[in-house]
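Okay, so here's the structure we're looking at.
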Amino acid sequence: HGLVEDQQTYNRLMSEAEILLRKEKNLAPDVYFTTEELTNKAYDLYLKENIINKAKSAKKSNGITIEVAETNKEARDLINKAENLSDKDKSDILIKIDDGTLNGLDNIDGKSFIFMENAVANGRTSTIVHETGHQVFRKIFGEGQADFQPMVQTISSWLEYTDPEMLNVIRLKQTKSDNAKINAEEFVAEFLEQIDQGNIDFENTDNRRLASLFGLVATDIMSKNGGFELEIKGEADAVNFLIQLAAKI
């Protein structure tokens, strides 16, 4: 049944891709595209649908506000009109939008936004996880109250030993900040994004132990900052907690 649905989705996207390409290029019905052109356009459509569906799902969660800016022009307009950003902040953000490196932002006048044009170009459908993650952290711990640095230390030490390549990916992709607390939160958000994308294999024993360590530190942070008591029993519990956390965020 799943395979049939997948095939139907594939056929629909390929058909829609052909219509869009003809419209964009103003081509006659008897002019054909290369398979690569058609497949690339269909994949773009798939990414857009994926992002929109995840945004709809996120908006159903308590206290989460996530919107999609369809084009970089829309994203630029949002930034220029934002009341909570300084002129320097706006200038820095606009540069990142224009050079294609910024897929979204977690606080534009209190709302998270996905910048669809860049997110699709970069193939990062889990941007929705990253930006919403910041809101969830604030919802649980309060603005600027929680310190994720111990969690970052735990994750970094473990990955340095077991998967240094993944550690480098997280460090490279995370948003950088001079504020140590914000920098730590960005690291954790990127870590969860990598989990959501399936880039961390929890069949690996080492990574199951990493999940357990993450659970212990998360329990400590939640207890100290949010008054939450989280009970995690064993590696299977810990892995499930971490994967579900990324998926639900």
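Things to note:
- Estimated FRET transfer efficiency when R0 is 30 angstrom, pair Glu16-Lys111 (beta carbons, to 0.05): 0.55
- Dimensions (Å) - segment 16-122, Cα atoms, principal axes, largest first: 52, 32, 18
- Pairs exceeding 27 Å between alpha-carbon atoms, taken from Lys25/Lys81; Lys25/Lys88; Lys88/Lys173; Lys41/Lys176: Lys25/Lys81; Lys25/Lys88; Lys41/Lys176.
- Rounded to the nearest whole Hz, the Karplus-based 3J(HN,Hα) values (6.51 cos²θ - 1.76 cosθ + 1.60, θ = phi - 60°) of segment 91-99 follow the sequence 4, 5, 5, 4, 4, 5, 5, 5, 8, with x at glycine and proline.
- Cα-projected label distance for Asn199 with Ile52, points at 7 Å along beta-carbon direction, nm: 2.6 nm
- Phi to ³J(HN,Hα) by Karplus 6.51 cos²θ - 1.76 cosθ + 1.60 over segment 101-113, Hz, x for Gly, Pro: 9, 9, 9, x, 9, 8, 8, 10, 6, x, 10, 8, 10
- Sparsely packed chymotrypsin sites (Phe, Trp or Tyr not before Pro) within segment 6-91, loop by DSSP, other Cβ within 10 Å at most 16: Tyr32, Phe33
Where a number appears in this text, it was derived from the coordinates with a stated rule and is not lab data. Worth saying up front: this structure is predicted, and the values here are computed from it rather than measured. Every residue, glycine as well, gets a Cβ built from its backbone with ideal geometry; the counts of neighbours run over all protein chains shown.
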